[in-house]
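All remarks here apply to the structure that follows.
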Amino acid sequence: MFRYFESLVDPYAAYDEPDAPPRRLWSFLRAYSRPFLRIFALAALLSVLVAAVELGLIFYMGRVVDLLATASPATVWDAHGVELLAIAGFILILRPVLQALDVLVLNNAILPNYGTLFRWRAHRHVLRQSVGWFENDFAGRIANRIMQAPPAAGEAVFQIFDALTFSIAYLVGAAFLLAEADLRLALPLLVWFALYGLLVVWTVRRVGPASKASSDARSMTTGRVVDAYANIQSVKLFAHHDREIDYAREAIEETRRTFAYEMRIFTLMDIALVVLNGALIVGVVGWAVALWSQGNASVGVVAAATALTLRLNAMTGWIMWAVSTFFRSLGVVAEGMETIAQPITLRDAPDAAPLRLTAGRIEAVDLTHHYGREAGGLDHIGFVVQPGEKIGLVGRSGVGKSTVVKLLLRFYDAEGGRIEIDGQDIARVTQDSLRAQIGMVQQDSSLLHRSVRDNILYGRPDAPEADMIAAARRAEAHDFIQDLIDPDGRRGYDAHVGERGVKLSGGQRQRIALARVMLKDAPILVLDEATSALDSEVEAAIQETLYGMMAGKTVIAIAHRLSTIARMDRILVLEKGRIAEEGSHQELLDRGGLYAGFWARQSGGFLGTGAPSGAEAAE
């Protein structure tokens, strides 16, 4: 039974992924709710039927009171026994069935699947964002919004069908039934309903913005706390424990302040509600007693009106809380939309085709990129890397070396010019096919919080175990992997490496990253300080492996340790976003320019960042 209702909607069903989701709240929720529209209609119908049954029972109890007050027990049983048994059967059998259907649709068909669909689609959308998009926000805040918004949306849906639809049907039905008994009995209810509506409007206008502010503050707190945890080594290294405590306290205090304001609204609402409910009880019950004393109402009408009023009195707090929870949940969703509904700015072209890599020739044509600023980045550079050629990129920090790589991988779209691979503009091919042809080892080789095996196989998930181990051996990683053991007792290739590989040394992370790229075996290879985290002995062992791995590939290598790129076919020296020098290692030394100055003053093979030497200044 449960599986039937849980499978009425498939949260993972295929759908058209928009590059620009709706930015308005209701349009956004409607797009996510489309698979549930029929289930929503059924839930609304069942909620109305449950309300009608509850009202019917209250007024039938009034009829029972009248029967008992006007006839003897024997007479009542003889005249109405079948009716009473039928009602008893309805209460014992049909009413539970109706209630069961109502909760099964809501609790089992809607709630688990709605939140899952919301989170699944939100996560898919966020993963499509560019690297630059992630660089402009806290990972903790993004994750917090992805985690908070779906249950908030589910809570809003729950309140619609569990409380709002039920309560509206109940109030309308109550007014109708009181009017049926005596039109004057409906008047106090209608007056109360108008005042109650004003209170709801007052609450909703305030609780929505207050809830969004509170949710924003919680996300900011999460972002700051996660930032400290993710950089705990820096916090400890610089002894900034107290500074981080104060930094977090600002956000925590803002969270407390915004939440306190939100609670003030609910307190005022509760006080006003008690006053209104008192007026409702006195108005309806008092009027019913007055009508009874005048002979215009039976005892059963007074009993039914009293029961109905007390039921409404008990319900109003729940209804108000449901309404406020509904709009508070919408506030959380609205805050989450600031992340989830952002459009995808770096997209495949409408006619994008997979990259057809035939030789591996790379050409940059008038390439310009300043990250939206007036300075920094690249300024109208052009170069060609022939198939199988190996070039090095050299220059001081910030001259644009990494920008070349990011544009080649299309982490950003170039602001001007283009990059072509085998004559194909990379902006006109699919991003996945482009990156599938490029292997890259970065200076900061972060790993996934998974097993060593999973991290190496990330390069080629379908690779056999033997190939995976062979790649680890080539990267000089197999021996230390064999000795790994994590806190859960998993060993070797099954050991988990911690968040971003924190449980491994920098050199161990780098060697696993090298193994991953070796396993991928892409025809274009990018090395960004690939051996910077390795000690000299391990680097010397891996250097020959790296040069062997480069055989037959088109290679772009970035290095401050110039000895690692001295064997490149050609070296490009970047200065102020332009190519200042170009040639082989020996040619550049003979020229006596920037590169020669870098080589002369490096210590241990590292490129300095000081002022240029006399030879450099002459350039």
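The values are calculated or read from the model by the stated rules, or taken from the named source; none is laboratory data. Owing to the predicted nature of the structure, the values given are computational and were not obtained by experimental measurement. Please note: Cβ atoms are built from the backbone with ideal geometry, for glycine as well, and neighbour counts cover all protein chains shown. The area values use the complete protein model at the heavy-atom level, side chains included, leaving out ligands, DNA and RNA. Shrake-Rupley method; radii C 1.70, N 1.55, O 1.52, S 1.80 Å.
A few points about this structure:
- Rg over Rh for region 118-191 works out to 1.42, both radii taken from alpha-carbon positions and Rh defined as the Kirkwood radius.
- Here's the list of lysines a cross-link from LYS236 could span, going by alpha-carbon distance under 18 Å and ignoring same-chain residues fewer than 8 apart: LYS503.
- Projected onto planes of every orientation and averaged, the convex hull of the alpha-carbon atoms in region 172-235 covers 6.3 nm².
- For region 323-379, applying the loop criterion from DSSP together with a ceiling of 16 other beta carbons within 10 Å to the trypsin sites (Lys or Arg not before Pro) yields ARG347, ARG356, ARG373.
- Around the amide H of GLY417, modelled in the peptide plane, lie the amide H atoms of THR368, all under 5 Å away and 5 or more residues distant in sequence or on another chain.
- Within straight-line reach of LYS401, meaning a Cα separation under 29 Å, sit the following lysines at least 8 residues removed in sequence or on another chain: LYS390, LYS520, LYS553, LYS576.
- Solvent-free Debye scattering, log10 I(q)/I(0), computed from the Cα coordinates of the chain at q = 0.06, 0.09, 0.11 Å⁻¹: -0.53, -0.89, -1.15
- Taking the C-alpha atoms of region 147-292, convex hull volume expressed per residue in Å³: 105 Å³
- In a simple Cβ point-charge model (Lys, Arg +1; Asp, Glu -1; nothing else charged), the chain has a dipole of about 860 debye relative to its Cα centre.
- For the chain, the 222 nm mean residue ellipticity estimated from helices alone, with every DSSP H stretch of n ≥ 4 adding -39500 (n - 2.57) and the total spread over all residues, rounds to -19500 deg cm²/dmol.
- Pairs of alpha carbons in region 356-403 separated by more than 16 Å make up 50% of all such pairs.
- In degrees, nearest ten, helix 299-340 long axis to first principal axis of the chain (Cα): 10 degrees
- Sites ALA353 and ILE245 - FRET efficiency at Förster radius 56 Å, r taken between beta-carbons, to 0.05: 0.55
- Within the accessible area of the chain, the carbon and sulfur atoms contribute 59%, probe 1.4 Å, all protein chains present.
- Cβ charges +1 (Lys, Arg) and -1 (Asp, Glu), total dipole of region 335-412, debye: 380 debye
- At q = 0.16, 0.18, 0.26 Å⁻¹ the log10 of I(q)/I(0) for region 320-414 amounts to -0.85, -0.98, -1.37, computed by Debye summation with a single uniform scatterer per C-alpha, solvent ignored.
- Averaged over its residues, the chain has an accessible area of 49 Å² per residue, based on protein heavy atoms and a 1.4 Å probe.
- Three principal axis extents describe the C-alpha atoms of region 444-596; from largest down they are 58, 28, 28 Å.
- Loop-located chymotrypsin sites (Phe, Trp or Tyr not before Pro) across region 205-269 with a Cβ neighbour count of 14 or fewer within 10 Å are PHE238, with loop assigned by DSSP.
- Overall, the ratio between the Cα radius of gyration of region 211-338 and 2.2 N^0.38 Å, rounded to two decimals, is 1.82.
- Computed FRET value (nearest 0.05) for GLU582 with GLU465, which takes r as the C-beta separation and R₀ as 35 Å: 0.20
- Estimated FRET transfer efficiency when R0 is 60 angstrom, pair GLN294-ARG257 (beta carbons, to 0.05): 0.60
- Gyration tensor (alpha-carbon) shape descriptor, region 382-431, a/c threshold 1.5: oblate
- Relative to one another, the C-alpha centroids of region 551-600 and region 479-502 are positioned 38 Å apart.
- Each semi-axis of the equivalent ellipsoid for region 1-84 is √(5λ) with λ an eigenvalue of the Cα gyration tensor; in descending order they amount to 51, 16, 6 Å.
- Restricting the trypsin sites (Lys or Arg not before Pro) of region 28-95 to loop positions (DSSP other than H, G, I, E, B) with no more than 11 neighbouring Cβ atoms within 10 Å leaves nothing.
- Net charge dipole size for region 71-147 [Lys, Arg +1 and Asp, Glu -1 on Cβ; Debye, nearest 20]: 660 debye
- A dipole drawn for the chain from +1 and -1 charges on Cβ atoms has a positive end, and of MET315, GLN442, ILE344 the residue lying farthest that way is MET315.
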